[in-house]
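One structure is given below, encoded as structure tokens.
FYI, it's all coordinate maths here, none of it is from the lab. All values derive from a computational prediction rather than experimental measurement. As a convention, Cβ positions derive from the backbone with ideal geometry for all residues, glycine included, and neighbour counts pool all protein chains shown.
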């Protein structure tokens with residue numbers, strides 16, 4: 001009976017080890033797939049000349065500054081036109 005129990009425990013230990021190894025392989029495959037997909041997406045985006053978030057934010061800030069300068073110039077122009085009428 002004890003020998004049967006030891007054999008059963010050995011089989012369960014072997015199955016447990018096999019499952020642990022399979023999970024490790026699956027995790028490794030998942031990590032490798034994620035890395036490959038990220039590389040593929042990075043290349044795809046680079047090929048399409050998409051801008052980075054930092055580049056987008058920099059251009060947006062420049063556009064906002066230009067709008068503010070245009071508004072200031074518009075106010076100044078109106079004031080100059082009013083002064084020229086007098």
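When the alpha carbon gyration tensor of the chain is reduced to an equivalent ellipsoid, the three semi-axes, largest first, read 74, 15, 5 Å.
Seen against the Cα atoms of the chain and their longest principal axis, helix 2-47 is set at about 20 degrees. Fully extending the segment from residue 23 to residue 63 would add 9.3 nm, taking 0.36 nm per residue of separation and subtracting the current Cα-Cα distance. The length gained on full extension between residue 56 and residue 40, counted as 0.36 nm times the residue separation minus their Cα-Cα distance, comes to 3.6 nm.
For residue 80 and residue 48, what is the calculated FRET efficiency with R₀ set at 41 Å and r taken between the beta-carbons, to the nearest 0.05?
Computed FRET efficiency for residue 80 and residue 48: 0.35.
Angle of helix 53-85 to the longest C-alpha principal axis of the chain, folded into 0 to 90 degrees and rounded to 10: 10°.
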